[in-house]
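All remarks here apply to the structure that follows.
Taken together, the values in this text are just the output of simple stated rules run on the coordinates, not laboratory data. Quantities reported herein were computed from a predicted structural model and do not represent experimental measurements. So basically every Cβ, Gly included, is an ideal-geometry build from the backbone, and we count neighbours across all protein chains shown.
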C-alpha cells in the first residue's frame with residue numbers, strides 16, 4: 001500500500017510540473033495574469049478529462065509554488081538560464097515552451113533545496129520530452145538544466161555531496 005501511495009505522490013508531482021510548464025507557456029503567449037491562469041488550471045484542467053485525455057490529479061501545493069515562485073524570481077531565473085545558454089542564443093530566442101521548462105526548473109533549483117537537483121533535471125527532461133519528440137531538444141534541456149543546477153547549487157551534483165562552505 002505504501003508503494004501505491006508513493007507512486008501516486010510521484011505522479012501528482014510530475015503532473016504539477018507538467019501543468020506548471022503549460023500554465024507558464026499560456027501566461028507568456030496570452031499575456032494573462034498568473035493568478036487567472038492558476039485558477040483556470042485548478043478549476044478546469046487538473047484531474048479533468050479534456051478532449052478524451054484524462055489529466056492526472058496534480059500536487060496543488062507544488063503547482064502553486066512553481067507558478068508563484070517563477071513570477072517572484074523570474075529575473076533571477078532568467079539570468080541563471082542565460083548563463084547556461086550559448087551567447088548567441090539568449091533566452092529570448094528560445095522556444096516559449098523551453099523557456100517555460102527552464103523557468104519552472106530554475107525555480108526549483110533556486111528555491112527548493114528539499115528537491116535534489118537530479119530529481120528536478122529528470123522531471124523537467126520528461127516534461128520536455130512530452131512536448132518535443134526529437135532527441136535534440138532533450139539533450140539541449142539536459143545540458144542547460146545541468147549547468148543551471150551547478151550554478152544554483154554548487155557541489156549538489158557531485159556524488160560526494162556539497163563541498164565545504
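Data overview
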item: For the stretch 2-152, the Rg and Dmax computed from alpha carbons only, in angstrom; result: 14.8, 49
item: Inter-part distance where the stretch 130-161 and the stretch 14-45 are each reduced to a Cα centre, Å; result: 23
item: Förster-model FRET efficiency, 22 Å R0, residue 33 and residue 112, C-beta, rounded to 0.05; result: 0.40
item: Inter-probe distance in nm under a simple model that places probes 7 Å from Cα toward Cβ, at residue 11 and residue 126; result: 1.2
item: Largest-first principal axis extents, alpha carbons of the stretch 66-154, Å; result: 31, 26, 24
